[in-house]
Amino acid sequence: MAAIPRNSSAIEVERLSSLAEIAALARSWDELQRAATYRHVLQDHRWFCTWLEVFGRYKQPCVLLLREQGELIGIAPLVITQGYEMFPARKFQVHTADDYRYTRVPRWARPWPIRRLGFALSGALANRRSHFLLRAEDPRCYAAILDYAAGIASEWDLMVLEGVARDSTAERLLCEALAHSALSDDGRRFCRETVYATLPDTMEAWLATKTRHFRRRLVEQCRQVERRFPDLTVHEYRGPHIDAGMEALLELEKRSWKAEQTRDRTFYIGPEPDLQTFHRAVARAYAASDEAMVLVMEVEERPVAAIQCLERDAMLATIVTFMDQDYTRRLNTAPMFRRLVERAIERGVREIDFCGKTVNAEKWSDGTRYSQRYFIYNGRAYSRCLRGTSIVANRAYRAVSAWRGQADTATGAFQ
């Protein structure tokens, strides 16, 4: 689809609807991301374009460029996806209908055909971190994006905005723009926690910020590994060698717990060709500017643990990590994560953003972020029907939860 100019509050909105148009924007995208008020490694055009290349079938890019007097001041990297969904869903991992294939929700339980307008996110890629790229937290930018979305209401049924920092200026401006737009939300909020580590100039300074227990435990774990596996090594793959690191990591996935379907979990993600293709391609894209790294821990030249990382603007994001199931009870990953922190500091990284919130990641982190998910609807009949269904279902859910809480209290008092 050709670019469509649209004006709102003196801001011109231009729409890009093809991968070729978006790829041609790379240099301007880079410049804006460096100046944006909120920026993340995974907001990069390399991640977005790779996602479209691998998973873009039957998906429509809807990238909005915000300009003021010809200057690019914002990008809303949106896509329109469609499929049959269970609605309203309470699973925070589901971003599009594609994500249902990793759950045990049968097709008959997903009767709602829904066209989503939102970010290019995927629970399978553990990517729930996206947002608008804005040069300044300008209320006109939020108003322009929502006005444009309302203007193309015939193309979507549900707009989902993920990654809005809780209690932030961005959240306040989004809510204000929503209140004055032709759109409305349903009151639902999904809050997600992620952890991060801030890094000083040296490893010694970083260790000084940790507790005595952490430092003692780190030394003990590293020594334990050295005693049990004296030939253990940690290899780093970057630049032209990134493919070798990715092959080792993806081979490990086949020997990890994710390859099993017996463990009870919410998301059943195993080795899949599309996911592996994406991880290889995005690693190559970042490695071209030496912003990708794979650390592989080996015992007797056999990979036993590995982690993939991407960098940008003094931030490092962990993407995926796998460990050989045969070694989980005999080997800890302390040497690999210590090397991760050391290498990040050496390269001038100021923050490590961990994928999700795991027990292990929490040990290496020193802060937590909370982000919200907003569900937004337009004025068309079907979208209003979805909104009404969501409101009624959530009121019923809260009522049942309250009743169960009272019943449990009463039962406890009786006993």
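The values are calculated or read from the model by the stated rules, or taken from the named source; none is laboratory data. The structure presented is a predicted model; accordingly, all values stated were derived computationally and were not measured. In this analysis, Cβ positions are derived from the backbone assuming ideal geometry, glycine residues included, and neighbour counts consider all displayed protein chains. Just so you know, the surface numbers come from the protein's heavy atoms only, side chains and all, with ligands and any DNA or RNA stripped out. Shrake-Rupley method; radii C 1.70, N 1.55, O 1.52, S 1.80 Å.
Of all residues in segment 230-250, those satisfying the criterion of being among the acidic types (Asp, Glu) and modelled with pLDDT of 95 or more are Glu236, Asp243, Glu247. If I filter segment 20-40 down to residues being farther than 14 Å from Leu133 by Cα and in contact with a helix residue (DSSP H, G or I) (Cβ under 7 Å, 6 or more places away or on another chain), which single residue comes out as surrounded by the fewest Cβ atoms within 10 Å (Cβ to Cβ)? Taking the candidates together, the pick is Ala23.
For segment 344-360, which residues satisfy the criterion of being of a type outside the set (S, T, N, Q) and under 18 Å from the mean Cα position of the chain (by Cα)? Correct list: Glu351, Ile352, Asp353, Phe354, Cys355, Gly356, Lys357.
Quick grid of which residues meet (1) of a type outside the set (A, V, I, L, M, F, W, C); (2) modelled with pLDDT of 95 or more; (3) open to solvent by less than 30 Å² (accessible area, probe 1.4 Å):
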site: Glu176; (1), (2), (3): yes, yes, no
site: His180; (1), (2), (3): yes, yes, no
site: Arg192; (1), (2), (3): yes, no, yes
site: Trp206; (1), (2), (3): no, yes, yes
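Restricting attention to segment 208-234, which residues are surrounded by 15 or more Cβ atoms within 10 Å (Cβ to Cβ) and of a type in the set (A, V, I, L, M)? Answer for segment 208-234, where residues must be surrounded by 15 or more Cβ atoms within 10 Å (Cβ to Cβ) and of a type in the set (A, V, I, L, M): Leu218, Val225, Leu232, Val234. All of (1) without any contact (Cβ under 8 Å) to a residue 40 or more places away in the chain; (2) surrounded by fewer than 18 Cβ atoms within 10 Å (Cβ to Cβ); (3) of a type in the set (Ser, Thr, Tyr) hold for Tyr142 with one exception: (2).
Of all residues in segment 380-395, which are open to solvent by 10 Å² or more (accessible area, probe 1.4 Å), within 11 Å of Asp185 (Cα to Cα) and touching a residue at least 12 places away in the same chain (Cβ under 8 Å)?
Arg387, Ile391
Scanning segment 289-333 for residues that are aliphatic (A, V, I, L, M), more than 23 Å from Leu218 (Cα to Cα) and either in a loop (DSSP other than H, G, I, E, B) or open to solvent by 40 Å² or more (accessible area, probe 1.4 Å) (or both) yields one hit, Ala314. Of everything listed in (1) modelled with pLDDT of 95 or more; (2) in a loop (DSSP other than H, G, I, E, B), the single unmet condition for Thr277 is (2). Residue pairs whose Cβ atoms lie under 9 Å apart, separated by 6 or more positions or on different chains, with the first residue in segment 41-63 and more than 19 Å from Arg27 (Cα to Cα) and open to solvent by 20 Å² or more (accessible area, probe 1.4 Å) and the second modelled with pLDDT under 95 and of a type in the set (D, E, K, R), are Val54/Asp274; Phe55/Asp98; Phe55/Asp274; Lys59/Asp98. The set of residues from segment 322-381 being at pLDDT 95 or above and at positive phi comprises just one member, Gly348.
Consider Arg280 carefully, then state whether it is closer than 16 Å to Thr321 by Cα and basic (Lys, Arg). When the stated conditions are applied, Arg280 passes them. Taking the criterion of being among the aliphatic types (A, V, I, L, M), open to solvent by 10 Å² or more (accessible area, probe 1.4 Å) and closer than 30 Å to Leu310 by Cβ, the residues of segment 145-169 that qualify are Val160, Ala165.
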